[in-house]
Structure formats: C-alpha cells, structure tokens
C-alpha cells in the first residue's frame, strides 16, 4: 500500500488568541491561547477550492494519513487518504486537526495552564462540539481557505460535520456525516458515563490531578474496553473470537480465559499508552452534550443551507444505529437540501466506518467528483 | 397487590456434605460443607407432583415472593408468584434457592472457609452453572421431591433451566427457559469481563481479600451500571430518560448531568449495599463458561428427553437476543421435544423478563395447566 501513500508527514501547530486575548467558548468561559495540531496532505490549488477537512472521532488525532518518521503504522484513515484514494491527494488538499480538548498536540486538560504554569486538569473548561468546530474554522481562516469543498467525519467526527452545517454553512460546499447522530441518545450517554465512571473510580485519578504521577491507567483501560464492545457487533465478535479459549496454565484467578477477554485487555492497555484520561472525560462529555435539536426545530435545522450532503450508516452499527442517520437525512430533506443516504451492509458494527473503506471509497469518490465539478463551474 | 401476596416469608437453609465429606465440583475441585438458602411458597401436595423450581438471575436471591418481616418491598418475582398468579401458590409448591457462589445465604466466596476460619475470597473454587443445578437437585432430594412439575428462570436462571434438561431430565416434567442462551456469546462474555475488570481495578479489591475492610464499592457499582445499560434497550432508555438534565447548580466537575447518568449511579450505588463483589466475579464467570454445546452436537443435546418446553424471548432484548432462544427451540425440535416458542413484543430489553409479567402470566398459566393436567394423568 505504501506506493499509494502520502509518504512521510509531520504534524504542524497553529496557535491563536495569544494572551491577553482569549477565546470565548460556548459555555461562556474563556480559554487561551489555543493551539491546534494539524496535518495536511496534497496541495491547495490556485482557486483554493479543493480543500477537504477530515474530523476525527473520540480517540483520533491529526495524523490521518501517511507515516510519521520512523513509524511502521500509517495514520488512522490512511486507507481513504492518498494518491488515487477516496480523498485523492493528487486532486484535493486534505486537512485533519486534533480536536480542542484532545491530547495529541491540541490544547486540552493535559496542556499547561498559562495562569498557573501547571496542567489544566479539571480547571480546563467544559468544551463542546461547537467549540471544536470553531477552532477548525480558525485553522481554515489561517490556511486562507474561504470555502471548504467538503467536511467529512465518522462518529464524533460526524457530529463536527453536522455542526459545520449549522454554524458555518457558507464555508462548506458539501458534508459527509458518517455513522453519527443529530443528538446523543440516553444509551450513548450511558455508555460514555460508565467509561467516565471507571476513570474517576480509579484510585490514581485523584480528581484529575495525576499529572507527574501515576495516571488512572486501569480505569481508562476498562473505559476503552467498554468502548470496544460498543464499536463491534454481536456478529463481528462471534466471527472474530467465537468461544475460543486462551492457553492458560496458571491456576484459576480471573485471568483472561477467552480470546475476546485477552483482546479487550490488550486494546485497553494499549490505549492507556497513547491517551490522556482527562481528555477522555472532556471529549466524551462534549459528545454527550451534543444536541443540534436543543432549542431548534428539525424543520428549520438546516434551512437556507445549500451544501450537498451524503449520509452514510452501517447496518450492524448498534451504537449509532441507522435510524439516527435517517433522522439526519430527514432534516436535510425538510430543508430542501440535496441529500443522499447510503446504508452499507456491514457486519463490523460501528467500527465499520474505519474498516469498510472499499465501499466508502466508492461512495466518496463519486460524491466528491460531482461536488468538485459543480464548485469549479461556479468558480 | 398485597391481597394476592404469599404474605410474610422466611428464608430457610439446607446444609449438605458436612465434613469430612465434600462435594466434587465440575472443575474437579472439592467444596464443603455447602449451605443453600431457599424459600418455598404454597404447599407440596400428597402426590408431591406440584413443585416448581424458580432459578434466579445474576443478582437475584432465594427471596422470590412475599415479604420478609418488616420489609416494604416484596421478593424479586412477586408479580409472578402467589395466589391466583402465574405460579399459583394455591395450586403449586414453589421453591427458589440462592445459587452456589452467591452472597444471600448460600455458600459463596464471602462464606467462611472451614479450613482457614476466614472468608474463602479467591480460595473459593471455580463454580459452574452445572454446580448450581447440582445443589438445587440436592435441595429437591432433601425436600422429598422426585420429579419437579417445572423448572423456570430468566437470563442466568434460564441457563440453569437448560442445564436441568441436560443433567436431570428424568427429574422434571417441563422447563421454561426465558431470555437465555445455550452458550454465552463473545459479546456477552465481553460485557461480563469489563464488569469484572472494573471490580478488579478497584484499589479496595486487594485480590479479593477485602473482607473486614472497605469493599471495592466503586468498581462494583460501575460493573452494575454497565449491566443496567445492557438490561435496558435503546428505546426504553429514550422513553424513560430522553435527554432530560438534572438540576445541578454546582460548577462543572463531571457530576451526573443527565437523568440517565443519575439513574445509573443510583442503581450502581444501591447494588453495592446488597451484593458481594467476589460473588459477582464468580457468578459472571460461571455464566461465561456456560456452553451446552461444548463437546455436544446440537442434534443430540436434548435427545431422549420427554419434558415439555416453553421458550420465551423479548423482541428488544439485545443482550440475550431472540436468535439465541430460537436456537434453543431448534435443539428441542431436533430432539423431537414438544416445544413452544413465544417472542414477546416488548420495548423493555432484557429487563422485560422481570417487567412483562402480564404477558408472561398469560403464557405460563396456560402452559403449566396443560403440563400439570398431563402429569396428574400419568400419576
């Protein structure tokens, strides 16, 4: 696959609202300066109309494609981004940034609070999906892009896409929300809440003040394990693991007996090495508070917007079920938007948005070609 | 409802295999003496052929009906057991016992190990659903019952019912497995495993040796929260909670914002008061190890059995989905058993087996009447 790769890439950083200027967040609280980590692939054309913004999910980062120097594994959506891929870097200028509140270079709870010279921890303010999108808009301004060809993302990335449609419709030509929702349901909130509870129940969490000491690794690992169950499907788990037992010669003491247990523990332990527990709390909270219908009528949600929309969902995704995607399509139709809906027949569950890249490539390629052609016409 | 109640009841205790005699468990390990807590409602008739055994689920106990002296709340299946109820105590003799490994009077990890005079903790041996059923058979022997009119139970109770069919088919006239499975799936194992992980990640767990000190309350509470999400359905959560927020005037520090969060925390905290964390580990492990098809062909699973079977499942139950119940029915049909299958159209998810008592009453009443009439004929 390396021949179709964007090759070696580097994360860049953009800082705005340097003191004394601070950015006002949706909550009313102020935060600043804010740094946003981002990567770009491909080249911005002369018309500056070939830029596509990729929004990542809960545990993602700015490194969506290519390889960091010395790394064996490419970015998280490398199968979709590169020469002749869905987001064809020979044609498009692709941008991906780490969300506000994250821990991969953007300002988040593990960043140093300039007022105290210590990590923010829980002094970090409540952030929302809208705040994340506002930071992305700052980045787009900085990059000199007036109008994005498209905004794309799955899961929490899809929430950002929908927020772009509502907050900055004049700045986007099209939108591709994948496996996402207009508002988090009680079940989605509940799963995030138990994840937060496992983190906060960890003795090492210390009300968020664990920096410099032991992080709440066990709690965060279990939170991630819960996540992984919800990202897979009953069928995909059965196909992947069955009831296969691990070889184990120790006496019985609740070690992992089944392959599925070993897999979850492995994924949980791995996550801890690359993610900050407080970021996990803040970002999941932003997802839970996401509700585009709060104070808005679905009939008016997307009114007056001209962007083209393609909504994608996956049949076996029970965490972000297809009925939620259909609700997005309904909101588009009610506003007279040109909206396409595709339900991909996958058994991978919610993970499908990262795995069904062949189907997605097919859909995205055609959709973008149409949108780009139209935008060039207008240009 | 009190007029249809069995009234004030008392838990009784039956101890068998007193030292030096011990009971051999399925694992090959020995345990003894074993005490089983049980309750009975109604009267055993002269023919001793009106006895029904109720098997409880993960967090249940022997107190299935009526009121303990001074209690406001009745037993866990009171809506189903009593005069003129589904399990009509004017007609039937109803027995319910706490499972081996439990913490409500039956021998479990919190019991005193006679060899050390300390609680067993993790010295307690691995137990299985078959071991639970073997203890129930000892109790039935002790009560002088040759053949049960029926064995009934939902969820883990249903696993015990299926184990009865395999282990002691000659001792039962009928069986009603509800919302259960022939074997735990990887998804079911995974949810139990994260529950165990939250318990074991709790600083207070101390490899099971917390007796006499602080129990791993936070870990167990979160395990229970995870359980509750899986017991409900996406729809039932949406109907019960929506996105209603709790009144909260404190500054934002990850307290429960949504009703659903408050509910889960409440249920989690309550569970800790009444359940032993090590019992949670052992019992969930017994569920995960349950696999009637291990080393058996589905064609022969119930071969030669004459018991009548009624299988019940619930449409919105995604933890024990209907396809698992249909698999039970298939095994019955392959063995030529008289088996009925009823899928109740409920939105309550897995909890439905405790909540859809009206529908269940209808089904159980007719089924038992038919079985009892036939057994009297034979008698």
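Read-outs throughout are calculated quantities, based only on the coordinates presented, and are distinct from any laboratory measurement. Note that the coordinates shown come from a computational prediction; the quantities given were computed from them, not determined experimentally. Here the Cβ is made from the backbone with ideal geometry for all residues, glycine too, and neighbour counts use every protein chain on show.
For the pair the range A:75-113 / the range A:245-324, the C-alpha centres are spaced 18 Å from each other.
A Förster radius of 22 Å combined with the Cβ-Cβ distance from residue B:299 to residue B:340 puts the calculated FRET efficiency at roughly 0.60.
Considering the range B:118-230 at the alpha-carbon level, its Rg and Dmax are found to be 17.3, 48 Å. Each other copy places its own label point for residue B:33 at 7.7 nm from this one, sorted shortest first, where the point lies 7 Å along the Cα-to-beta carbon line. When you work out D = kT/(6 pi eta Rh) for the range A:268-368 at 20 °C and 1.002 mPa s, using the Kirkwood radius from C-alpha pairs as Rh and the Stokes-Einstein form, the result is 136 µm²/s. Take residue B:213, move 7 Å from Cα toward the beta carbon, and the resulting point lies 1.8 nm from the same point in each other copy, nearest first. Of the beta bridges in chain B, as assigned by DSSP with both residues counted there, near 35 percent are antiparallel. For the range A:228-271, a Kirkwood hydrodynamic radius built from all Cα pairs, placed in the Stokes-Einstein relation at 25 °C and 0.890 mPa s, yields a translational diffusion coefficient of 217 µm²/s.
Most tightly packed first, judged by the mean number of other beta-carbon atoms within 10 Å of their residues, the peptides B:354-362, B:23-31, B:62-70 read B:62-70, B:354-362, B:23-31. As a rough guide to protection, the peptides B:295-305, A:284-294 ranked by mean Cβ packing within 10 Å, highest first, stand as A:284-294, B:295-305.
With the label put 7 angstrom out from Cα along the Cα-to-Cβ vector, residue A:238 ends up 2.5 nm from the copy partners, going from closest to farthest. Nearest chain B C-beta to the B/A rotation axis, reported as residue and distance in angstrom, is B:203, 2. In terms of its Cα atoms, the protein assembly as shown spans 95, 51, 50 Å along the principal axes, sorted from long to short.
In the range B:188-287, inverting the average of 1/r over every pair of distinct C-alpha atoms gives 14.6 Å as the Kirkwood radius. Stokes-Einstein, applied to the Kirkwood radius of the range A:12-81 over Cα pairs at a viscosity of 1.306 mPa s and 10 °C, places its translational diffusion at 108 µm² s⁻¹. The peptide list A:315-328, A:137-150, put in order of mean Cβ contacts within 10 Å with the highest first, becomes A:315-328, A:137-150. Note on A:113-126: average number of Cβ atoms from other chains within 10 Å of each residue's Cβ is 1. With both residues required to sit in the protein assembly as shown, DSSP beta bridges show an antiparallel share near 35%. Taken over chain A, the alpha-carbon convex hull comes to 150 cubic angstrom per residue.
The range B:117-179 gives an Rg/Rh value of 1.07, both radii derived from C-alpha positions and Rh following Kirkwood.
Each stretch of four or more DSSP H residues adds -39500 (n - 2.57); spread over every residue of the protein assembly as shown, this sum gives -11000 deg cm²/dmol at 222 nm. The label-point distance for residue A:72 and residue A:252, in a model that sets each label 7 Å from Cα toward Cβ, rounds to 3.7 nm.
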